[in-house]
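Read the structure below first, then the notes.
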Amino acid sequence: MHSSLNWTSRLISRALRSSFSTLLETATGGGGGGAAAKSGTTKSGGSGAAAGCPRPRFVSVVCGFAKDNLRHKYKPGKYGEDSWFKASTESADVMGVADGVGGWRSYGIDPGEFSSFLMRTCERLVQCSHFNPKRPVNLLAYSYCELMEQKKPILGSSTACVLILNRETSTVHTANIGDSGFIVVRQGQVVHKSEEQQHYFNTPFQLSLPPPGHGPNVLSDSPESADTMSFPVRDGDVILIATDGVFDNVPEDLMLQVLSEVEGERDPVKLQMTANSLALMARTLSLNSEFLSPFALSARRNNIQARGGKPDDITVVLATVAM
């Protein structure tokens with residue numbers, strides 16, 4: 001069974017790798033000054049970090065909770081079936097989250113292994129010579145290809161969101177698959193945010209590797225289906241990247257109040273306290289059976305009567321832009 005799965009997954013991953021090699025060559029295309037990404041909002045005018053201008057960086061912290069603290073012991077880079085990473089180079093700061101799809105547990109598959117492999121591989125690829133700070137989708141694509149080529153299959157599926165700060169242009173580039181996502185706050189307003197990708201209610205886009213025989217019945221989206229954006233950032237901007245355990249339980253107006261309090265904050269201790277508060281808020285609301293959560297409101301819009309929070313793993317990666 002495993003040999004059949006390996007053969008099939010390697011054929012698929014080679015096709016994906018060939019496709020994304022073309023994308024990579026186009027994006028990096030020989031010489032220094034490739035064109036800015038055209039999806040989402042792009043920066044007008046000159047480079048934000050041109051000679052004489054300060055180069056931005058992230059001041060970032062992480063907090064989270066596993067839905068079932070008894071089942072999941074703490075492991076670096078993981079909260080239950082959620083995973084995350086942070087990485088930096090001279091030219092870029094990178095953050096990402098992934099949420100393993102919990103339904104696989106009923107098949108004896110650990111959903112956290114898939115999401116963890118994706119994020120660990122993204123973290124490693126940031127340090128590789130072919131890393132392109134304008135193309136977060138490449139990180140997802142090559143991580144997914146490596147997962148497909150493993151001798152011991154890593155089965156399951158996951159949503160994912162990766163965000164790159166290109167320090168040379170003061171521009172953020174994002175790639176999001178599914179219902180994890182990000183939000184950017186400036187001067188008390190949400191200036192950028194991701195849009196969740198759903199096939200239908202509570203069924204997000206996802207990268208997948210199903211067990212043999214399950215392929216036709218499993219949703220599996222390509223990395224190139226990721227929603228991508230590019231936009232300039234300013235000194236003091238607050239950026240939250242999180243899994244759906246946060247967005248499904250914390251209303252945006254409440255989230256905005258919390259994030260606005262740390263605009264321009266460069267003290268990682270104070271930033272950590274805010275990340276802790278936001279994660280705890282999401283955790284508390286997720287367990288409140290009377291709260292009309294964003295998830296419950298979405299269910300009602302789909303003619304499903306629901307009330308209360310949505311218990312889930314929670315991952316908060318919080319950053320401010322410092323120049």
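Of everything in region 169-223, what is of a type in the set (Asp, Glu) and within 21 Å of Ala319 (Cβ to Cβ)? Give them in sequence order.
Keep residues of region 169-223 that are of a type in the set (Asp, Glu), which gives 179, 195-196, 221.
Selection gives Asp179, Glu195, Glu196.
Quick check on my filter: what residues within region 220-257 are open to solvent by 20 Å² or more (accessible area, probe 1.4 Å) and among the hydrophobic types (A, V, I, L, M, F, W, C)?
Met229, Phe247, Leu254, Leu256
Taking Asp221, is it of a type outside the set (Ser, Thr, Tyr), out of contact with any helix residue (DSSP H, G or I) (no Cβ under 8 Å at 6 or more places or on another chain), outside any helix (DSSP H, G or I) and closer than 30 Å to Ser143 by Cβ? Lay out the reasoning, then the answer.
Numbers: of a type outside the set (Ser, Thr, Tyr): yes; out of contact with any helix residue (DSSP H, G or I) (no Cβ under 8 Å at 6 or more places or on another chain): yes; outside any helix (DSSP H, G or I): yes; closer than 30 Å to Ser143 by Cβ: yes.
The answer is yes for Asp221.
Among the residues of region 296-318, write down those that are open to solvent by 10 Å² or more (accessible area, probe 1.4 Å) and touching a residue at least 40 places away in the same chain (Cβ under 8 Å). Write out each step before concluding.
Just the residues of region 296-318 that are open to solvent by 10 Å² or more (accessible area, probe 1.4 Å), to begin with: 297-298, 300-307, 309-312.
Matches in region 296-318: Ser298, Asn302, Ile304, Gly309, Lys310, Pro311, Asp312.
Of all residues in region 51-80, how many are modelled with pLDDT under 95 and assigned to a strand (DSSP E or B)?
Final tally of qualifying residues: 1.
Looking at Ser277, Ser293, which one is open to solvent by 60 Å² or more (accessible area, probe 1.4 Å) and either within 11 Å of Gly245 (Cβ to Cβ) or small (Gly, Ala, Ser) (or both)? Spell out how you get there, then give the answer.
On the way: Ser293 fails: open to solvent by 60 Å² or more (accessible area, probe 1.4 Å).
Residue meeting the stated conditions: Ser277.
Looking at Leu240 and the list (1) over 20 Å from Val316 (Cα atoms); (2) part of a strand (DSSP E or B), which single condition is not satisfied?
Condition not satisfied by Leu240: (1).
Would you check if Leu147 is in contact with a helix residue (DSSP H, G or I) (Cβ under 8 Å, 6 or more places away or on another chain) and crowded, with 24+ Cβ neighbours inside 10 Å?
On the way: in contact with a helix residue (DSSP H, G or I) (Cβ under 8 Å, 6 or more places away or on another chain): yes; crowded, with 24+ Cβ neighbours inside 10 Å: no.
Spelling it out, it is not the case that Leu147 is in contact with a helix residue (DSSP H, G or I) (Cβ under 8 Å, 6 or more places away or on another chain) and crowded, with 24+ Cβ neighbours inside 10 Å.
Could you tell me which of the residues Ser115, Ser88, Ser106 is surrounded by fewer than 24 Cβ atoms within 10 Å (Cβ to Cβ), within 22 Å of Ile183 (Cβ to Cβ) and polar (S, T, N, Q)? Before you say what the answer is, go through the steps one by one.
Values: Ser115 fails: surrounded by fewer than 24 Cβ atoms within 10 Å (Cβ to Cβ); Ser106 fails: within 22 Å of Ile183 (Cβ to Cβ).
None of the other options fit; the residue is Ser88.
Filter region 178-195 for residues that are open to solvent by 10 Å² or more (accessible area, probe 1.4 Å) and among the aliphatic types (A, V, I, L, M); which is farthest from Ser298 (Cα to Cα)? Break it down stepwise before answering.
To start, the set of residues in region 178-195 that are open to solvent by 10 Å² or more (accessible area, probe 1.4 Å) comprises 179, 186-195.
Subset that is among the aliphatic types (A, V, I, L, M): 190-191.
Values: Val190: 20, Val191: 23 Å.
The qualifying residue farthest from Ser298 (Cα to Cα) is Val191.
Determine whether Val101 is of a type in the set (A, V, I, L, M) and either open to solvent by 30 Å² or more (accessible area, probe 1.4 Å) or within 14 Å of the chain's Cα centre (by Cα) (or both).
Working: of a type in the set (A, V, I, L, M): yes; either open to solvent by 30 Å² or more (accessible area, probe 1.4 Å) or within 14 Å of the chain's Cα centre (by Cα) (or both): yes.
Criteria met by Val101.
Of the residues that sit in region 282-310 and are part of a loop (DSSP other than H, G, I, E, B) and among the charged types (D, E, K, R), which one is nearest to Asp179 (Cα to Cα)? Steps first, please.
Initial filter on region 282-310 (part of a loop (DSSP other than H, G, I, E, B)): 287-291, 293, 302-307, 309-310.
From the residues that got through so far, the ones that are among the charged types (D, E, K, R) too are 290, 307, 310.
Numbers: Glu290: 23, Arg307: 20, Lys310: 14 Å.
The selected residue is Lys310.
What do you reckon, is Ser83 open to solvent by less than 20 Å² (accessible area, probe 1.4 Å) and assigned to a helix (DSSP H, G or I)? I'd like the intermediate steps shown before the answer.
Details: open to solvent by less than 20 Å² (accessible area, probe 1.4 Å): yes; assigned to a helix (DSSP H, G or I): no.
So Ser83 does not fit the description; no.
Hey, does region 154-177 have a residue that's touching a residue at least 12 places away in the same chain (Cβ under 8 Å), closer than 27 Å to Ser88 by Cβ, surrounded by fewer than 23 Cβ atoms within 10 Å (Cβ to Cβ) and within 18 Å of the chain's Cα centre (by Cα)?
Scanning region 154-177, I find no residue that is touching a residue at least 12 places away in the same chain (Cβ under 8 Å), closer than 27 Å to Ser88 by Cβ, surrounded by fewer than 23 Cβ atoms within 10 Å (Cβ to Cβ) and within 18 Å of the chain's Cα centre (by Cα), so the answer is no.
Yes/no matrix, rows are residues, columns are (1) at pLDDT 95 or above; (2) under 23 Å from Arg135 (Cα atoms); (3) outside any loop (DSSP other than H, G, I, E, B):
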site: Met229; (1), (2), (3): yes, yes, yes
site: Arg234; (1), (2), (3): yes, yes, no
site: Val246; (1), (2), (3): yes, no, yes
site: Leu256; (1), (2), (3): yes, no, yes
site: Leu259; (1), (2), (3): yes, no, yes
site: Val262; (1), (2), (3): yes, no, no
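The values are calculated or read from the model by the stated rules, or taken from the named source; none is laboratory data. Here the structure is a predicted model, which is why all the values come from computation and not from measurement. Glycine also receives a Cβ, built like all others from the backbone with ideal geometry; neighbour counts cover every protein chain displayed. To get the accessible areas, we keep the full protein, side chains included, count just its heavy atoms, and leave off ligands, DNA and RNA. Shrake-Rupley method; radii C 1.70, N 1.55, O 1.52, S 1.80 Å.
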